[in-house]
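Chemist: Take this structure, written in C-alpha cells, and hold onto it; I'll ask about it next.
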Amino acid sequence: GAALHCCFTIIFLFSCLILRIAPLQGFSSTSMKNSERTFVGFDFGTSGARLSIIQRPQQEELYSDSIAWTTDRPYDDASAWLQALDTLLQRCSQQQPHLLQRVGSICVSGTSASCLLVSIRSNRETISRPPRMYDYNVISTKPENTTHLISARRILHLLDTYSPTKHTSRSPTGSLAKLLCWNEERPLLPFNQERLLHQADYVARSLLDDIDSYTTSDWHNCLKLGYDVQSLQWPQWLLSCLDEAEIPRDVLPSRVVSPGEVIGPISSHVAVKYGIPKDATVVGGTTDSNAAFFAAVQSLKPPFGTAVTSLGSTLAIKQLSRDFVEDADRGVYSHRFPLLGISKEEKPAWLIGGASNVGCGILRHLGFSNSELRELSEEIDPTNNSPLDYYPLKTPGERFPICDENLQPILEPIPPSRKDYIHAILQGITKVEGLGYQVLAELGASPMYPSVIWTCGGGAENDVWRKMRERILTESFGQPVQVQKSANTEASYGAAILAASSYDE
C-alpha cells in the first residue's frame, strides 16, 4: 500500500512539473478562436514604459502595468527600454500567465523622432551611437563652440537645400537632423555597418525571430526622417541629401510598413521565456501621440471629422481628415492613417494636427491647486463669456496655431476674483484650441471642422470646462460639435488596439 501511494505521489508530482513547465515551452495556438485572442501594446514614453493587454471585440483592457524611468534607468538608455520590456512581461507571466498564453500580436509605440544607430554584424547587434531622444535639438542641445556651430550650419544648409518647404523633416529635433548630426561628429560606416532605428523599431526588433541587416520601421516613426507618406517610398530629395553628406543610403530602414501591419513572428526565445504562442506576431509600431489618439477614440475606424484634444501641460490637437495638409512653419503635419483590412485602392486618410505652447501648465504656474481649480470651476457659468481676452502662455514664444517665437503672454488685466481669473484662463485656452482647428481648416482639412472632439489629459476631468469648450467651439466652427471625455488615453492601450486591428477576424 505504501509503495502504491508513493508511486501515485511521484506520478502526481511529475504531472504538476509538466504542467508547470508547459507554458514555458512556447506553443502553437492554431485551435484557439480569434475571439479568445489577446493583444499586447507597449508604450515607451517620456516618463516610463507601460503595457496594456486587450481583448476584442469590445477592446476591453484586461491588464495594465507600468514602470517609471529612474536615474539608474533613464528615458534615453536603450538597455533600460529592454529591461522595462522584460520586467513588464515577466510580471504579467507571473501574475496572469493565461493572458500571455493567448496573445495574437504585439505592437510598440515610442516617442517621436527618438532614434539610435546600431551595427549589425554576423547576426549580432550592438549600439554604435546611443539614443538621441524626441527633445534633442541638433542646434541648441550641445554647447556652443566653433566646431559645433560650423556643423550646425552645415546641417541647416542640407535641410534647407533638400527638404521641401514646410516639410516636417526640416525640424532640428527630427530624425533626419539627428542622422546628419551623427555623421558630422563621425562619418557613418558603409555596407550595412550602421543602421538607424527609432525607439519603437529597436524595442520591437528585440521580440523578432532573426537579427539580420534587414531593418523595419513604420510610416509614423519615419515621417520626420523624410519618408514620403503619400507615395510610400524614400523620396529622391532625401537620397540626394544623404549622397551630398556622404551618408550610405543603407542607413535607412530597409522596409517601412503601415502601423499595425505584420512584420514577422516573435522569436522562439521570447515565446519560451514568457509563455507566448509561437504563432504570435510583431506588427508595425507608431508614435506615442498617435497611439494616444487610437486610445482616445477606441477605434481604428472612426468617422472623418473625429478629433482629439489633449489638455495636458500643453495643448495638442489631432483630427482625422480625408486630405493631406502640412505646414512645418506652424508645426502642422499629416500622419498617414492606417487603413488595415481595407482595399489598397482606397483613398488614404490622414491624421493631421499640431501642438501649442499654451496649456494647463499655466494653471500650476499661477499657483492654482487641484482643489482650488475644482471649487472655482463649479462656480463658473459655462454659458457666459468672460470679458477678458487672454492668450495664456507661460513664457514668450508660440509654435501653433500662431508661429511667433516672440509672441507675448496675455494674462492681464487680473480681476480681483480668483473665480473670474480662472474663467478667463480656461476661456483663453479654449480660444487657442478653436484657433488651432481653424488653422487646420484653412490648410485644407476635410471635413473642415470636427464633429466630435474627444478630450484627454488632466483638463478632461473638468466638466464645467467641457461644457464651456463645447459652446465656444460650436460658435467658432459655425456648426455643432460634441466635446466628450475619453475613457482611456494611455498610448499602450492605443498600441494594443493597433495590434488587435491587424489580426484576422
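Chemist: Mind listing just one residue for me: the one in the stretch 482-505 that is of a type in the set (Val, Ile, Thr) and open to solvent by less than 10 Å² (accessible area, probe 1.4 Å) and, of those, farthest from Tyr63 (Cα to Cα)?
Modeler: Per the criteria, the residue is Val483.
Listed here are the residues, each with its yes/no results for (1) farther than 20 Å from Gln236 by Cα; (2) open to solvent by 30 Å² or more (accessible area, probe 1.4 Å).
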residue	(1), (2)
Arg102	yes, yes
Ile139	yes, yes
His167	no, no
Glu185	yes, yes
Arg205	yes, no
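Chemist: Shifting gears a bit: Being farther than 23 Å from Thr215 by Cβ, at pLDDT 95 or above, basic (Lys, Arg) and part of a helix (DSSP H, G or I) is the requirement here; does Arg91 meet it?
Modeler: yes
Chemist: Does Val251 fit the bill of being modelled with pLDDT of 95 or more, open to solvent by 20 Å² or more (accessible area, probe 1.4 Å) and either on the phi > 0 side of the Ramachandran plot or in contact with a Leu (Cβ under 9 Å, 6 or more places away or on another chain) (or both)?
Modeler: Taking the combined requirement at face value, the residue does not satisfy it.
Chemist: So, one more: Being at negative phi and touching a Gly at 6+ places or on another chain (Cβ under 6 Å) is the filter; apply it to the stretch 437-457 and report the residue that is surrounded by the most Cβ atoms within 10 Å (Cβ to Cβ).
Modeler: It comes out as Pro450.
Chemist: Would you check which residues across the stretch 207-236 are outside any loop (DSSP other than H, G, I, E, B), open to solvent by 50 Å² or more (accessible area, probe 1.4 Å) and touching a Phe, Trp or Tyr at 6+ places or on another chain (Cβ under 9 Å) and list them?
Modeler: Gln233
Chemist: Suppose we filter Thr281, Thr314 for residues that are among the β-branched types (Val, Ile, Thr) and closer than 30 Å to Leu426 by Cβ; which single one remains?
Modeler: Thr314
Chemist: What number goes with the only condition from (1) at pLDDT 95 or above; (2) buried (at least 18 other Cβ atoms within 10 Å of the Cβ) that Phe400 does not pass?
Modeler: (1)
Chemist: What is the one condition in (1) out of contact with any Phe, Trp or Tyr (no Cβ under 9 Å at 6 or more places or on another chain); (2) in contact (Cβ under 8 Å) with a residue 40 or more places away in the chain; (3) not β-branched (Val, Ile, Thr) that Ser356 does not satisfy?
Modeler: For Ser356, the failing item is (1).
Chemist: To continue, here is another question. May I ask you to say which residue of Gly459, Gly434 is part of a helix (DSSP H, G or I), closer than 26 Å to Ala491 by Cβ and touching a Cys at 6+ places or on another chain (Cβ under 7 Å)?
Modeler: Residue meeting the stated conditions: Gly459.
Chemist: Sticking with this one: In the stretch 143-152, is there at least one residue being out of contact with any helix residue (DSSP H, G or I) (no Cβ under 9 Å at 6 or more places or on another chain) and in a strand (DSSP E or B)?
Modeler: no
Chemist: Oh, and also: It is to be established whether one or more residues within the stretch 474-483 are within 19 Å of Pro382 (Cα to Cα), modelled with pLDDT of 95 or more, under 23 Å from the mean Cα position of the chain (by Cα) and not in a helix (DSSP H, G or I).
Modeler: The answer is yes; a qualifying residue exists.
The values are calculated or read from the model by the stated rules, or taken from the named source; none is laboratory data. Keep in mind the model is a prediction, meaning the values are calculated, not measured. All Cβ positions, glycine included, derive from the backbone under ideal geometry; neighbour counts span all protein chains shown. With ligands, DNA and RNA removed, areas are computed over all heavy atoms of the protein, side chains included. Shrake-Rupley method; radii C 1.70, N 1.55, O 1.52, S 1.80 Å.
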